[in-house]
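Quick notes on the structure that follows.
Only the coordinates and a few stated rules stand behind these numbers; no lab work does. As the structure is a computational prediction, the values presented were derived from the model and not from experiment. Neighbour counts run over all protein chains shown; Cβ positions are idealised from the backbone, glycine included.
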Amino acid sequence: MWVYEKKLQYPVKIKNCNPRLAKYIITQYGGPDGELAASLRYLSQRYSMPVEAAKATLNDIGTEELAHLEIVGTIVYQLTKGVPPQILEKEGLGGYYADHDRGIYPVNGDGVPFTAAYIGVKGDPIADLVEDLAAEQKARATYEGLINMTDDPDVIDPLRFLREREVVHFQRFGEALRIVQEKLNEKPFYVKKPDYAKEKPLSNVSPAANIGPGSNVGPAANVSPAANVGPMTNVSPFSNVSPAAEKKKK
Amino acid sequence: MHDAREKLLREIQALEFMEIELNLYLNTHPYDQQALMIFRNTVQQRKMLLDNYERMYGPLTASASNSFPWPWIESPWPWEA
């Protein structure tokens, strides 16, 4: 279950309203590569994951994504707070205002509402984890696009934090994938559904054996998420706060 | 006193960030003893600062609510600047 802490994971203090920017940023609330999709995907995939490290990873990253959802909602809220309806309309939020006023509603940058079609939960550990790797990259790319659309440091700051988190999540999912593959390779194990196995007996080698971003052949050959990267190899985003926050691992 | 509250909250956020980073790292590296040590220290520090903060400025979790009238509903809520 979840305990709520009454603070953002990363502070958001926006001084200047910008409804047009809010219209685009809301895609990370209710869009295909946004935080709602991410948290729902990971928290839904965790049930059928057979390996403990992967269960924990999905559980905890899914939870963190809910905290990110809150940050994105806050950004949109602060960017539109107090803006008169006529200005909202002029800046492209007329349709949104008509249906939602100042409410925060899960849509993408064009107002298309959120759908579960944005997420995949295959119940297959390899399929699910590689989907998660892709999801983190798409989220990272989206944050980069959003950062490119503004010069406001108050907005760029939390967006940059969120982008960095996606990069770290990608790393962790890569490690979880590697661990799952190692477990599956330990003994003959059919990842496919039983009726497929009955029709055409598979060899003793798991289908997952040769796949992986960590091997030389694979989608992410030049960016191995399974590389041994410890936490906080970058300076903490809070590094200007206190000496305690500067401690790095190794 | 706005600034003192902000500053303390930032420190707590910074420590919690380290905590979650280590949490995620340990999920895939459960035998890393050094990381575990750093995690424990971070939790300890964070709990201390959190105690201070809640004593001075009110609860950050509902279960830490400890005054009258029910303080949990009070602003600021996190999305308010």
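For this structure, a couple of remarks:
- What the Cβ-Cβ distance of B:R55 and B:E80 gives, at R0 = 22 Å and to the nearest 0.05, is a FRET efficiency of 0.50.
- When you restrict to C-alpha pairs under 8 Å that are six or more residues apart and normalise by the size of the range A:15-95, the relative contact order lands at 43 percent.
- Gain in span if fully extended, B:A62 to B:E6, counting 0.36 nm per residue against the direct Cα distance: 18.2 nm
- Of the residues B:L24, B:Q13, B:N41, the one whose Cα sits farthest toward the positive end of the charge dipole of chain B, with +1 on the Cβ of Lys and Arg and -1 on the Cβ of Asp and Glu, is B:N41.
- Inter-chain Cβ neighbour average for residues A:47-57, partner chain, 10 Å: 2
- Computed label-point distance, nm, for sites A:M149 and A:V3 using a 7 Å Cα→Cβ extension: 3.7
- For residues of A:2-15, the mean tally of beta carbons on other chains within 10 Å: 5
- C-alpha center-to-center spacing [the range A:98-146, the range A:148-175] in angstrom: 15
- Over chain B - Rg/Rh using Cα atoms and the Kirkwood inverse-distance radius: 1.06
- Proxy reagent accessibility, fewest Cβ within 10 Å first, across A:S48, B:S65: A:S48, B:S65
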